[in-house]
Amino acid sequence: MQLLLYRRLLRSLKILFKTCRKWKSQEEFRQALYDERKFELAGEGQRRMDLIRWGILVETVKNTEYRPFHNPGVNIQPKYVLLPIPEDQILLNPNLLESDPSNNGYR
């Protein structure tokens, strides 16, 4: 799965380098890369994980325009970036929940 995502990322980079102008800043290049990945991953169910990896899930969901009757930007919280600790790991080490500060917000 990771290899497939890595290959897709490389393919996206090749397309960007072949078809684009030179960017004036790193931020312009990064935005072009975000846009390319947005179109490529949106229909494949991988977009959320890609936004988490880039660290922009919360801001992207909040800044996206939605229909008035369905607005996920109202409910998104930073804790939704965290993933649950697998149950078998918790059973192996019950202290994991208290000692892992990076995942305590998940609960």
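The values are calculated or read from the model by the stated rules, or taken from the named source; none is laboratory data. Treat the numbers as computed from the prediction; the structure is a model and nothing was measured. Every residue, glycine as well, gets a Cβ built from its backbone with ideal geometry; the counts of neighbours run over all protein chains shown. In case anyone asks, the SASA skips ligands and DNA or RNA and just uses the protein heavy atoms, side chains included. Shrake-Rupley method; radii C 1.70, N 1.55, O 1.52, S 1.80 Å.
Things worth noting here:
- Residue match in segment 45-64 (condition: in contact with a Gly (Cβ under 6 Å, 6 or more places away or on another chain), touching a residue at least 24 places away in the same chain (Cβ under 8 Å) and not hydrophobic (A, V, I, L, M, F, W, C)): no
- Residue within segment 39-54 that is at pLDDT 85 or above, of a type in the set (D, E, K, R) and touching an Asp or Glu at 6+ places or on another chain (Cβ under 7 Å) present: no
- Of the residues making up segment 55-77, those that are open to solvent by 70 Å² or more (accessible area, probe 1.4 Å) and either within 16 Å of ARG7 (Cα to Cα) or in a helix (DSSP H, G or I) (or both) number 4.
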